[in-house]
Amino acid sequence: MRFSYEIIGSIALVEIPEEFMDKKFEIAKKILETNKNVKTVFKKGKILGEERVRELEFLLGENKSETIHKEFGLRYKLDVTRVYFSPRLGYERERIMRKVKDNEKIIDMFAGVGPFSILIAKNKDVKIVAVDKNKYAYKYLKENIKINKVQEKVIAINCDVRELHLENLFNRAIMNLPLSSHEFLYKALEFIRDNSYLHVYYLDENEKKLYRFLDENIREYRIIFKRKVKSYSPRKYINVLDIYVVKK
Ligand SMILES: C[S@@+](CC[C@H](N)C(=O)[O-])C[C@H]1O[C@@H](n2cnc3c(N)ncnc32)[C@H](O)[C@@H]1O
C-alpha cells in the first residue's frame with residue numbers, strides 16, 4: 001500500500017490513492033501508531049480558491065483541526081481546515097531569510113499565518129508588512145506575531161492586496177501565490193522602489209506570462225536565482241524566481 005502524508009503540528013494530512021480508499025481508516029491507524037506526536041489524521045482533498053484552503057476529511061484520532069507547528073524554533077498556530085500551510089516550504093523560508101539584510105522594508109503579499117515574515121523578523125532588523133485576505137489566516141498571523149514576539153517588526157493587514165495602496169516603499173516583495181502570482185506583479189512594482197528584490201513563486205505553465213510581464217513592464221531587471229521548489233501535481237511544479245529590479 002503506497003500513501004504519503006505530511007505532518008503539521010500534531011496533525012497528519014494523508015493523500016490516499018483512489019485504489020486504497022477502502023483502507024483509509026487502516027492507513028490512518030498506521031500513521032497514528034508510527035508517529036507518537038500525531039494525534040489526528042485527516043485525508044487530503046483539493047486545495048480550493050484564491051485562499052488556498054484544503055478540503056479535508058477527518059479520519060481518526062482527536063477530532064480537532066487547530067494545532068501548533070514548530071519550524072526553525074518558531075511556533076505557528078493554525079487551523080488546517082481554514083488556512084494554507086505547507087511544511088515543505090521550510091527550505092524556501094530559510095533561503096529567503098538569509099538573503100535579507102538589516103534595515104530592509106519588506107512586503108509579504110500573501111503571508112498566510114506568517115511563516116516567511118516571522119522567520120525573517122526573528123533573525124533580521126527589518127520592518128515587514130504581511131498581508132492576507134483570508135480572515136482566519138489574518139487571525140492566526142496576528143497571534144503568531146505575538147507568540148513569536150515580533151510585534152515591533154511585523155504589521156499584519158487583512159485585505160485583498162490589490163486594494164492596498166503603498167507606493168515605492170519596500171525593497172523586497174515576497175509573492176507566494178504560485179497559481180496567479182504573475183497577475184499581481186503590477187502590484188509588486190507599485191510597492192517596491194528601484195534596486196529591489198522580488199521573490200516570485202509560480203507554476204511552470206505561467207512562466208511565459210511572467211517573463212512577458214517583466215520584459216514589457218520593467219526597464220531593467222536581472223534574474224538572480226531560479227529553482228524548482230516542489231511538485232504541485234503529478235506533472236506540474238512550483239518554481240521560484242529571485243528578481244533584482246534595477247529600474248522600474
Ligand atoms: C499559497 S498561500 C501562502 C501562505 C504563506 N506565504 C505560507 O508560506 O504559508 C497564499 C496565501 O495568499 C492569500 N491570498 C490569496 N489571494 C490574495 C489576495 N488577492 N490578497 C491577499 N492575500 C491573498 C491566501 O489567503 C493564502 O493565505
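The values are calculated or read from the model by the stated rules, or taken from the named source; none is laboratory data. Computed from a predicted structure; not experimentally measured. Cβ atoms come from the backbone with ideal geometry, glycine included; neighbour counts cover every protein chain shown. Ligands, DNA and RNA are stripped out before the accessible areas are found, and what is left, the full protein with its side chains, is counted by its heavy atoms. Shrake-Rupley method; radii C 1.70, N 1.55, O 1.52, S 1.80 Å.
Would you work out which of V83, Y140, H165 lies farthest towards the positive end of the dipole of the chain? Charges go on Cβ: Lys and Arg +1, Asp and Glu -1.
Positive-end residue among those listed: Y140.
Give me the lysines in straight-line cross-link reach of K226: C-alpha distance below 24 Å, same-chain residues under 8 apart excluded.
Output for K226: K99, K101, K105, K124, K187, K208, K209, K236, K247, K248.
Tell me, what is the Rg over Rh of the chain, with Rh the Kirkwood radius over Cα pairs?
Result for the chain is an Rg/Rh of 0.99.
Sort D204, D108 by heavy-atom solvent-accessible area, probe 1.4 angstrom, most to least.
D204, D108
With 14 Å as the cut-off, how large is the P(r) tail for the stretch 156-208, expressed as percent of Cα-Cα pairs?
54
Taking only protein heavy atoms and a 1.4 Å probe, what accessible area per residue, in Å², does the stretch 104-248 have with all protein chains in place?
That works out to 46 Å² per residue.
When DSSP beta bridges are limited to those with both residues in the chain, what percentage is antiparallel, rounded to the nearest 5?
65
Picking from I223, F72, I243, whose Cα lies most toward the positive end of the charge dipole for the chain (charges on Cβ: Lys, Arg +1; Asp, Glu -1)?
F72
Cα convex hull of the stretch 82-145: how many Å³ per residue?
73
How big, in percent, is the set of alpha carbon pairs in the stretch 34-147 lying more than 25 Å apart?
Of all Cα-Cα distances in the stretch 34-147, 24 percent exceed 25 Å.
Provide the gained length on full extension for the span I223 to R162, in nm with one decimal, where the gain is 0.36 nm per separating residue minus the Cα-Cα distance.
Taking 0.36 nm per residue and subtracting the Cα distance, the gain is 19.5 nm.
Take the Cα pairs of the stretch 4-64, get the Kirkwood Rh, then feed it into Stokes-Einstein at 20 °C and 1.002 mPa s and tell me D in µm²/s.
It diffuses with D of about 182 µm²/s by this estimate.
List the longest stretch of the chain that has no exposed loop site; here a site is one of the GluC sites (Glu not before Pro) assigned by DSSP to anything other than H, G, I, E or B, with at most 10 other Cβ within 10 Å.
1-151
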